[in-house]
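Okay, so here's the structure we're looking at.
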């Protein structure tokens, strides 16, 4: 909600072609009373969570890909579905991002490529369900840099934790070697993230670090 970028608004005719008429399967109807958002007790709660999890992983993932393909055909511009790859084929270092920071990271990747640095970008588009398929791409690299505009206080970034989890499970199952994974927190509260800060993260070797902290703003906090 704190990021902003230029957007292109498509023609209304194409939007109407892409979006079907809204006809909710469940609606308020005095002749067919239903309960919406009910509380579920312990005897049912586990099963509701299980059903949601199975639906997300087995149906929603595929539906996201199908809708993205349909969007691409109708509007003539690429919709990536679960994730987007940018210059990852031969990348030894891959940035992982989510959201508005991705645009400036692409620019940094281009600049580093001009310096013969083998870098790429993987932009996560669908965070839930999490695209665990990206482990196949990331395991080919030597280093992963997870840039996040979010922090799970008392721990690390949530995307970092998901990345490490899916990499470990893939490597454990298939005997692959794990790349080195760094986590950099930046741009909290809508603060802009500069190219210089991203390059700082690229040159840095810490496992976890805040980027762009203004020491003068800390006062007596630390």
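Each value in this text was obtained by applying a stated rule to the coordinates, not by laboratory testing. No experiment lies behind these values; they were computed from the predicted model shown. Here the Cβ positions follow ideal geometry from the backbone for every residue, glycine too, while neighbour counts run over all protein chains shown.
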Original post:
Which stretch or stretches of region 110-136 have amide N atoms under 19 Å from the point lying 7 Å from residue 172's Cα along the Cα→Cβ direction?
Top reply: 130-136
**OP:** May I ask you to derive the relative contact order of the chain, considering only C-alpha pairs under 8 Å and at least 6 residues apart, and to give it as an integer percent?
**Re:** 16
Original post:
What residue among 58, 23, 182 shows peak mean-square fluctuation when the chain is described by a Gaussian network model with Cα springs under 10 Å?
Top reply: 23
Original post:
Rounded to two decimals, what is Rg over Rh for region 52-136 when you use alpha-carbon atoms and the Kirkwood radius?
Top reply: 1.03
**OP:** Using a 10 angstrom cutoff on alpha carbons, build the Gaussian network for the chain and name the most mobile of 202, 127, 83.
**Re:** 127
**OP:** Report, in degrees rounded to the nearest 10, the 0 to 90 angle that the Cα long axis of helix 61-75 makes with the longest principal axis of the chain.
**Re:** 90
**OP:** Would you please report the Å³ per residue occupied by the convex hull of the alpha carbon atoms in region 1-100?
**Re:** 228
Original post:
What is the fewest-to-most order of 150, 186 by other Cβ atoms lying within 10 Å of their Cβ?
Top reply: 150, 186
Original post:
When all C-alpha to C-alpha distances in the chain are sorted into bins of 10 Å, what percent of pairs does each bin hold, rounded to whole numbers?
Top reply: 7, 24, 30, 22, 12, 3, 0
Original post:
Does anyone have the angle between helix 102-114 and the longest principal axis of the chain? Alpha-carbon axes, 0 to 90°, nearest 10?
Top reply: 40
Original post:
222 nm [θ] for the chain, helices only, -39500 (n - 2.57) per DSSP H run of 4+, per residue, to 500?
Top reply: -11000 deg cm²/dmol
Original post:
Going by average Cβ neighbours within 10 Å, how do the peptides 135-145, 152-162, 33-43, 8-18 rank, with the highest at the top?
Top reply: 135-145, 152-162, 8-18, 33-43
Subject >> Spherically averaged projected area in nm², based on the convex hull that wraps the Cα atoms of region 138-222 >> reply: 6.4
Original post:
With each pseudo-label sitting 7 Å past Cα toward Cβ, what's the residue 27-residue 218 distance in nm, one decimal?
Top reply: 5.8
Original post:
Can you sort 207, 109, 181, 164 by how many other beta carbons sit within 10 Å, fewest first?
Top reply: 207, 164, 181, 109
Subject >> Rule-of-thumb Rg ratio for region 83-192 [Cα; 2.2 N^0.38 Å; N residues] >> reply: 1.02
